[in-house]
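No lab work stands behind these numbers, since they all come straight from the coordinates. On a predicted model such as this, the values are computed, not experimentally measured, just so you know. A quick note on method: Cβ atoms are made from the backbone with ideal geometry, for glycine too, and the neighbour counts reach across all protein chains shown.
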Amino acid sequence: GAGVSQSPSNKVTEKGKDVELRCDPISGHTALYWYRQSLGQGLEFLIYFQGNSAPDKSGLPSDRFSAERTGGSVSTLTIQRTQQEDSAVYLCASSLGGTISNYGYTFGSGTRLTVV
Amino acid sequence: SQQGEEDPQALSIQEGENATMNCSYKTSINNLQWYRQNSGRGLVHLILIRSNEREKHSGRLRVTLDTSKKSSSLLITASRAADTASYFCATKENSGAGSYQLTFGKGTKLSVIP
């Protein structure tokens, strides 16, 4: 597609439930990133995929968080047993290159997750 | 960990005035980028400046980079109400984990009053 697509745009879930957030990157972009933004804060890096390499999961805040990227394209971020502190906007971005490279990111519109 | 830090945290100016936002960072970088965010949703890439560049222009945007001071500035000239948004700097480091992903600051919230 023309841009990075994320779904759903909004998600309200009960504490303790699992949620899945989806990201469709720009076709041909080998690098895909997930970030989280809490209210009024900067972006917190979560996880990074580059081609067929093992993902960099160093930003995931706990083992309740996991992500996969199937076929080098669509990615799913899963949060198990959601907690209220998981409430945030989850942003996905893709770019042409991952390692030291001079490409900007294209962001999706994000998924606003509210845990009640 | 926080790499880029923007200054000021919030800025309010009249339409037509220039807006200057600053960013400081801590490590050696490969490039520095500025993004804009409206209404807390997706970010839009504005401009990228490489570590061997000192100044770059794009339309009404002017970015400077001083690697000796580990700082950058974003100047928006002749501001418009539509420029109202949060502006973030982001750095890509030269080595280590930070060379694989951008590290963002907390942003400057710009309000342009018509």
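For B:Asn38 and A:Gln80, what is the calculated FRET efficiency with R₀ set at 35 Å and r taken between the beta-carbons, to the nearest 0.05?
Details: r = 32 Å, r/R0 = 0.90.
E(calc), rounded to 0.05, equals 0.65.
Just the Cα atoms of segment B:5-113, one point each, no solvent: what log10 I(q)/I(0) does Debye give at q = 0.19 Å⁻¹?
-0.91
What does the charge add up to near A:Ser73, with Lys and Arg as +1, Asp and Glu as -1, over the other residues with Cβ less than 12 Å from its Cβ?
0
Past the 31 Å Cα-Cα mark, which pairs from A:Lys17/B:Lys109; A:Lys15/B:Lys106; A:Lys15/B:Lys26; A:Lys57/B:Lys70? If you can, show how the numbers build up before the last one.
Values: A:Lys17/B:Lys109 34 Å; A:Lys15/B:Lys106 28 Å; A:Lys15/B:Lys26 38 Å; A:Lys57/B:Lys70 28 Å.
Listed pairs above 31 Å: A:Lys17/B:Lys109; A:Lys15/B:Lys26.
Just the number, please: percent antiparallel of the DSSP beta bridges in chain B, rounded to the nearest 5.
Details: 39 of 44 bridges.
Within chain B, antiparallel bridges account for around 90 percent of the total.
Any chance you could tell me what percent of the C-alpha pair distances in the protein assembly as shown go past 26 Å?
On the way: 9598 of 26335 pairs.
Result for the distance tail: 36 percent.
Just how far, in whole angstrom, is segment B:19-57 from segment A:13-38 if you go by their alpha carbon centroids?
With segment A:13-38 and segment B:19-57 each reduced to a Cα centre, they are spaced 23 Å.
Check each of the GluC sites (Glu not before Pro) in segment B:1-64 and keep only those in coil by DSSP with at most 14 other C-beta atoms within 10 angstrom; list them in order. The partial results should precede the final answer.
Values: sites: B:Glu5, B:Glu6, B:Glu15, B:Glu17, B:Glu53, B:Glu55; in loops: B:Glu15, B:Glu17, B:Glu53.
Sites meeting the loop and neighbour criteria: B:Glu15, B:Glu17, B:Glu53.
Can you compute the FRET efficiency between A:Ser62 and A:Val12 using 1/(1 + (r/R0)^6), with r the Cβ-Cβ distance and R0 = 22 Å? Round to the nearest 0.05. Walk me through the intermediate numbers first.
Details: r = 21 Å, r/R0 = 0.95.
Taking R0 as 22 Å, the efficiency between A:Ser62 and A:Val12 is 0.55.
If you take the C-alpha gyration tensor of segment A:1-91, multiply each eigenvalue by 5 and take the square root, what semi-axes do you get, largest first, in whole Å?
Working: eigenvalues 93, 41, 33 Å².
Listed largest to smallest, the semi-axes of segment A:1-91 are 22, 14, 13 Å.
Could you work out the relative contact order of chain B? I mean the mean sequence separation of Cα pairs under 8 Å and 6+ apart, divided by the number of residues, in percent. Don't skip to the end; give the middle numbers.
On the way: 286 pairs, mean separation 43.4, N = 114.
With pairs under 8 Å counted, the relative contact order is 38 percent.
Which of the trypsin sites (Lys or Arg not before Pro) found in segment B:1-85 are in a DSSP loop and have at most 12 neighbouring Cβ atoms, other than their own, within 10 Å? Intermediate values should be presented prior to the final figure.
Details: sites: B:Lys26, B:Arg36, B:Arg41, B:Arg50, B:Arg54, B:Lys56, B:Arg60, B:Arg62, B:Lys69, B:Lys70, B:Arg80; in loops: B:Lys26, B:Arg41, B:Arg54, B:Arg60, B:Lys69, B:Lys70, B:Arg80.
Loop-located and lightly packed - B:Arg54, B:Lys69, B:Arg80.
Give, as a single signed number, the net charge of other residues whose beta carbon lies under 14 Å from the beta carbon of B:Ile113, with Lys and Arg counted +1 and Asp and Glu -1.
Values: positive: B:Arg80, B:Lys109; negative: B:Glu15, B:Glu17, B:Asp83.
Net charge in that neighbourhood comes out at -1.
Give me the number: length gained by fully extending B:Lys69 to B:Ser24, i.e. 0.36 nm times residue separation minus the C-alpha to C-alpha distance, one decimal in nm. Provide the component values of the computation, followed by the final result.
Working: separation 45, 0.36 × 45 = 16.20 nm, distance 0.81 nm.
Separation in residues times 0.36 nm, less the Cα-Cα distance, equals 15.4 nm.
Give me the net charge of B:Trp34's neighbourhood, meaning all other residues with Cβ under 12 Å from the Cβ of B:Trp34; Lys, Arg count +1, Asp, Glu -1. Walk me through the numbers before you get to the answer.
Numbers: positive: B:Arg36, B:Lys56, B:Arg62; negative: B:Glu6.
Once all neighbours under 12 Å are counted, the net charge is +2.
Compute the label zone of B:Leu61 within segment A:26-47: residues whose backbone N is under 19 Å from the point 7 Å along Cα-to-Cβ.
Hits in segment A:26-47 for B:Leu61 at 19 Å: A:42-43.
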